[in-house]
1. Sort out which residues of the stretch 76-92 are closer than 18 Å to residue 114 by Cα and loosely packed, with under 12 Cβ neighbours inside 10 Å, and write them in order of number.
2. Tell me which of these residue 98 doesn't satisfy, since it passes every other one: (1) free of Cβ contacts under 8 Å to residues at least 12 places away in the same chain; (2) closer than 14 Å to residue 32 by Cα; (3) surrounded by 15 or more Cβ atoms within 10 Å (Cβ to Cβ).
């Protein structure tokens, strides 16, 4: 009886020791690791704010502005990387990994999509478009507007209705005096006299006021010399 009890005691100790040395992976325990890495395009340009998701779950992270990411994962998880304009890619977390930290560099290939041709037409039908195209009043271009502005009849009309400046008024005034004097007996032209309303010759300049003004200028100059 004592031998039987001793045998059972030794057997229990052996089972206990073996249970402590069992590999957690073999017992169904799933190990967790920290997956870190950088997402890049095929020409090694970092992909900022890309999506890193654990397939089949709602858990995921985004890469930073340098394409770096880090996420806790379990053995056997499928990690899906996606970015706008690129084909998605996947990474399977290896099993029986001795280290609980993983580091990768994931490259994504560009996804080029060609869209069908789209024709934008502001008219509901081709018939209406044809009618508008034929009867459309196209505005003049710069050359046509310039030619219209240089039309001889238009320029002559502008010149005929344009007012005179000071020099032209003075020339016309003295020409009128000369014409009047020539018609009154052929007298020589004198800018200081003009023909009155009854045909008489009258001074064109008020000599009294002119003399007073000259005296005034003399007095002003005399005062300036005294100063």
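Each value in this text was obtained by applying a stated rule to the coordinates, not by laboratory testing. The structure presented is a predicted model; accordingly, all values stated were derived computationally and were not measured. Quick reminder, even Gly has a Cβ in these numbers, built from the backbone with ideal geometry, and neighbours come from all protein chains shown.
1. Listed by number, the residues that qualify are 84, 85.
2. Failing condition for residue 98: (3).
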